[in-house]
Amino acid sequence: MSRQRFGREAAEENGGMKILQYLMMGIGVVFIVWFVAPLFANGLVNLGTITGIGIGALLLIYGLFMGRVHRFLAGVWQKSGGKVALSFVAIIVAAIVVAAAIETVLMVRAATKEPPANTTAVVLGCSVKGTRPSRILAERLEAAYEYLIENPEAVCVLSGGQGAGEDITEAECMYRYLIAKGISAERLIKEDKSTNTEENLRYTKELLEELGLGNEITIVTSEFHEYRANVTAEKLGFVSYSTPSWTHLLYLPTYYVRELYGILYYMIGK
């Protein structure tokens, strides 16, 4: 009877391991496909792409060779210094997970910081393909358009200079896009010198001071970018709010992971 019970327990344990294996392999494949897809769809490669594919590959390998991995770790644990090495790795992994969780909370909170009615909008530029807005920039412009329709007395600063592969400035591209959708030119202000987020906001501040428009703004940018943008704005003396655009689900994981690096770099650098 005890042998039968032992056999059932072993079978149940093996069944549980199989389920865990399939789960890890499935998650790994999803990660790889999800982070590779933007590369094939739009040539998008950044730190987020590389990190996501790397995590997916590790999960897939772990699922495929779970038994061997566990035996290897058990062997390392028994060796001199093995406990220290594995504990150190575990602490590093835990720290990364905690940091990512904290940054995610900061992103979400910043993206829900709604502005008062008719606050001056500031659209942060993104890449332009020739004379056409990239997908991310088009998403931001759609968010800006909806905001301007809902807030008919608000004016809007279009902030972005000209970079490699761009036939016109990002500000000009945004201006043409919103004019074509029926927004009055009198409500649009072009800032066409900036090349990064800090310059976007610093040059915008100079423009608003010249025009006597005060220091209260709502930043129109991608939801994942609102935290860094608002922190930068507040350091420049703005009272800032958020009008986020919502990134297409195909591209969101890549940009989200890249932004985790961006926030960490910003915190360390500042």
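At-a-glance table
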item	result
Single condition Ala121 does not satisfy, out of (1) in contact with a helix residue (DSSP H, G or I) (Cβ under 6 Å, 6 or more places away or on another chain); (2) part of a helix (DSSP H, G or I)	(2)
Glu209 being closer than 23 Å to Ala117 by Cα and without any contact (Cβ under 8 Å) to a residue 24 or more places away in the chain	yes
Among the candidates Gly75, Gly43, Gly56, Gly48, residue that is free of Cβ contacts under 8 Å to residues at least 24 places away in the same chain and under 21 Å from the mean Cα position of the chain (by Cα)	Gly43
Residue check, Ala164 farther than 15 Å from Val122 by Cβ, at pLDDT below 95 and either of a type in the set (A, V, I, L, M, F, W, C) or out of contact with any Pro (no Cβ under 6 Å at 6 or more places or on another chain) (or both)	yes
Residues of the stretch 105-116 classified as assigned to a helix (DSSP H, G or I) and touching a residue at least 40 places away in the same chain (Cβ under 8 Å), total	5
Hits in the stretch 100-118 - residues which are within 30 Å of Trp77 (Cβ to Cβ) and in contact with a helix residue (DSSP H, G or I) (Cβ under 7 Å, 6 or more places away or on another chain)	Ala100
Residues within the stretch 124-155 that are closer than 17 Å to Lys193 by Cβ and touching a Phe, Trp or Tyr at 6+ places or on another chain (Cβ under 9 Å), tallied	0
Test: residue in the stretch 27-36 that is assigned to a helix (DSSP H, G or I), at pLDDT below 95, not assigned by TED's automatic domain parsing to the domain that holds Tyr255 and not hydrophobic (A, V, I, L, M, F, W, C)	no
Selection from the stretch 232-270 of residues that are acidic (Asp, Glu) and within 14 Å of Val108 (Cα to Cα)	Glu259
Qualifying residue in the stretch 250-257 (condition: of a type in the set (Val, Ile, Thr) and out of contact with any Ser or Thr (no Cβ under 8 Å at 6 or more places or on another chain))	no
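This table checks each residue for (1) closer than 30 Å to Asp167 by Cα; (2) at pLDDT 95 or above; (3) of a type in the set (Gly, Ala, Ser).
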{"site": "Leu44", "(1), (2), (3)": "yes, no, no"}
{"site": "Thr51", "(1), (2), (3)": "no, yes, no"}
{"site": "Lys83", "(1), (2), (3)": "no, no, no"}
{"site": "Pro116", "(1), (2), (3)": "no, yes, no"}
{"site": "Leu141", "(1), (2), (3)": "yes, yes, no"}
{"site": "Glu153", "(1), (2), (3)": "no, yes, no"}
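So that you can scan it fast, the table gives a plain yes or no per residue for (1) under 23 Å from Thr204 (Cα atoms); (2) free of Cβ contacts under 8 Å to residues at least 12 places away in the same chain; (3) under 25 Å from the mean Cα position of the chain (by Cα):
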residue: Ala90; (1), (2), (3): no, yes, no
residue: Ile96; (1), (2), (3): no, yes, yes
residue: Val128; (1), (2), (3): yes, no, yes
residue: Tyr145; (1), (2), (3): yes, no, yes
residue: Leu148; (1), (2), (3): yes, no, yes
residue: Asn151; (1), (2), (3): yes, no, no
residue: Cys156; (1), (2), (3): yes, no, yes
residue: Arg176; (1), (2), (3): yes, no, no
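The values are calculated or read from the model by the stated rules, or taken from the named source; none is laboratory data. Nothing here was measured: the structure is a model prediction, and the numbers come from that model. Every residue, glycine as well, gets a Cβ built from its backbone with ideal geometry; the counts of neighbours run over all protein chains shown.
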